[in-house]
Amino acid sequence: MIRLENIEKKDNIISAKVVTVEMEPQVFEVAFNLKTNEIVKNTMGKMTMSVGMAIAKLVKLAEESGENLPKKTTSVWY
């Protein structure tokens with residue numbers, strides 16, 4: 001599970017601060033260009049399941065919410 005906070009969309013870039021929910025939580029930031037489908041920021045430094053799930057959640061939020069994005073949300077997977 002991850003928590004996404006400070007969700008923002010500027011032009012075609014959607015971004016968030018991400019916190020993993022673990023015994024030792026990790027905090028990182030991601031940004032994704034919705035037009036080019038490219039990750040433009042990933043402070044984790046590598047592609048992990050948490051990064052992938054954060055990007056997927058941001059894309060889904062952009063598709064479903066348009067400009068009315070929530071400021072925070074969670075993502076859970078099995």
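The values are calculated or read from the model by the stated rules, or taken from the named source; none is laboratory data. For clarity, every value in this text was computed on a predicted model and none was experimentally measured. Glycine also receives a Cβ, built like all others from the backbone with ideal geometry; neighbour counts cover every protein chain displayed. We work out accessible area using only protein heavy atoms, side chains counted, and drop any ligands, DNA or RNA first. Shrake-Rupley method; radii C 1.70, N 1.55, O 1.52, S 1.80 Å.
Once amide H atoms are built 1.01 Å from N in the peptide plane, which residues 5 or more positions from Met44, or in another chain, come under 5 Å H to H? Result for Met44 returns Glu29. Charge dipole (Cα centre; +1 on Lys/Arg Cβ, -1 on Asp/Glu Cβ; no other charges) of the stretch 16-55 amounts to roughly 180 debye.
Average accessible surface for the chain: 66 Å² per residue, computed with a 1.4 Å probe over protein heavy atoms with every protein chain in place.
As a length-normalised measure over Cα pairs under 8 Å and 6 or more apart, the relative contact order of the chain settles at 35 percent. Using θ = phi - 60° in the Karplus curve 6.51 cos²θ - 1.76 cosθ + 1.60, the 3J(HN,Hα) couplings for the stretch 55-72 round to 4, 4, 5, 4, 4, 4, 4, 5, 5, 7, 9, x, 8, 9, 6, x, 7, 8 Hz; x is entered for Gly and Pro.
Computed over Cα pairs, the Kirkwood radius of the chain leads via Stokes-Einstein (1.002 mPa s, 20 °C) to a diffusion coefficient of 174 µm² per second.
Out of the trypsin sites (Lys or Arg not before Pro) in the chain, which ones are loop residues according to DSSP with at most 15 other C-beta atoms within 10 Å?
Values: sites: Arg3, Lys9, Lys10, Lys17, Lys35, Lys41, Lys46, Lys57, Lys60, Lys71, Lys72; in loops: Lys35, Lys46, Lys71, Lys72.
In loop regions of the chain (DSSP not H, G, I, E or B), the sparsely surrounded trypsin sites (Lys or Arg not before Pro) are Lys35, Lys46, Lys71, Lys72.
Using only side-chain charges placed at the Cβ, +1 for Lys and Arg and -1 for Asp and Glu, the dipole size of the chain relative to its Cα centre rounds to 40 debye.
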